[in-house]
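**Q** Before we start, here is the structure in question, set down as structure tokens.
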Amino acid sequence: MLTLLRTLARGAAAQACEEAYDRHALLVLDQQIRETAADLERSRRALAAAMAGDAAEARRLADVEARAADLETRAVAALTAGREDLACEAAEAIASLEAERDSLRAARATFAAEVTRMRTVLADATRRQEALERGRRVAAAAEAVRRLRGRQSVGGNASLREAEATLARLQRLQAEATDADAALAAIETPEETIAERLERAGFGPRTRPSSDDVLARLRGRAEAGRAGAV
């Protein structure tokens, strides 16, 4: 029984771990990409430092070769002049320089092969890092769309369906308010009687002054004024 309980506990823990990983997969991916990017940058810096060191070794090799060539020229001149003693000392120095030269050449050849390998590995890692970052952007966009489609109202966040329902309700209330205002205006405005409609159409005497009547009266007063002035 105890063994079964331990097994169930381990199974529940594993399942909880997987569920947590699934829920936070994008967050985990972000951190992994940051770590791989940092590793890639360190690799680039290490390669650059190694290449700078190799350049220094190349200058050292050139200096050793130049010193050996100079000593050889001087030793030949000493032999020509009969100075065997100086030529022997020069030969010892030249032998030491040539040993150093050979060591430097071998080291540089090995390093050149290693640099070629490192460049290949770094180029492949750079391509894979770029692919990861592109995939992360696509995954983030897809996750945002998935959450937008399936999100329910949690913690005060309204879904699109709820927002659309609220808008429809608001539009319905506004339409009802507009209809009520129109009905109220119709109630408050008195209907035109049949006599008023006939009068407006020009049938029968006018019961109220019109703008034509006022204009005719004003013209009469103006003409009377001009006649009085004469």
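The values are calculated or read from the model by the stated rules, or taken from the named source; none is laboratory data. Not measured: the values here are computed from a predicted model. Please note: Cβ atoms are built from the backbone with ideal geometry, for glycine as well, and neighbour counts cover all protein chains shown. These area figures cover heavy atoms from the full protein model, side chains too; ligands, DNA and RNA do not enter into them. Shrake-Rupley method; radii C 1.70, N 1.55, O 1.52, S 1.80 Å.
**Q** Inside the range 144-182, can you point out the residues that are at pLDDT 75 or above and not hydrophobic (A, V, I, L, M, F, W, C)?
**A** Answer for the range 144-182, where residues must be at pLDDT 75 or above and not hydrophobic (A, V, I, L, M, F, W, C): T166, R169, Q171, R172, Q174, E176, T178, D179, D181.
**Q** Quick check on this structure: which one of L86, L61, L97, L71 is assigned to a helix (DSSP H, G or I) and within 30 Å of R119 (Cα to Cα)?
**A** Among L86, L61, L97, L71, only L61 is assigned to a helix (DSSP H, G or I) and within 30 Å of R119 (Cα to Cα).
**Q** Could you grab the pairs with beta carbons closer than 7 Å, sequence gap of 6+ or different chains, first residue in the range 109-133 and within 13 Å of L40 (Cβ to Cβ), second one open to solvent by 60 Å² or more (accessible area, probe 1.4 Å)?
**A** Qualifying pairs under 7 Å: L122/R44.
**Q** With A50, A87 as the choices, which residue is at pLDDT below 90, among the small types (G, A, S) and under 30 Å from Q129 (Cβ atoms)?
**A** Unique residue meeting the criteria: A50.
**Q** Condition first: surrounded by 15 or more Cβ atoms within 10 Å (Cβ to Cβ) and basic (K, R). Now tell me which residues in the range 84-107 satisfy that.
**A** Within the range 84-107, just R101 meets the criteria.
**Q** Can you work out which of the residues in the range 53-75 that are touching a helix residue (DSSP H, G or I) at 6+ places or on another chain (Cβ under 9 Å) and acidic (D, E) is least open to solvent (accessible area, probe 1.4 Å)?
**A** So, considering only residues that are touching a helix residue (DSSP H, G or I) at 6+ places or on another chain (Cβ under 9 Å) and acidic (D, E), the one least open to solvent (accessible area, probe 1.4 Å) is D54.
**Q** Then there's this: List every residue pair whose Cβ atoms lie under 7 Å apart, where the two residues are 6 or more positions apart in sequence or sit on different chains, the first residue falls within the range 156-180 and is farther than 30 Å from R146 by Cβ, and the second residue, located anywhere, is modelled with pLDDT under 70 and open to solvent by less than 80 Å² (accessible area, probe 1.4 Å).
**A** Partner pairs satisfying both residue conditions: none exist.
**Q** Something else about it: State whether one or more residues within the range 64-78 are at pLDDT 90 or above, out of contact with any Phe, Trp or Tyr (no Cβ under 8 Å at 6 or more places or on another chain) and of a type in the set (K, R).
**A** yes
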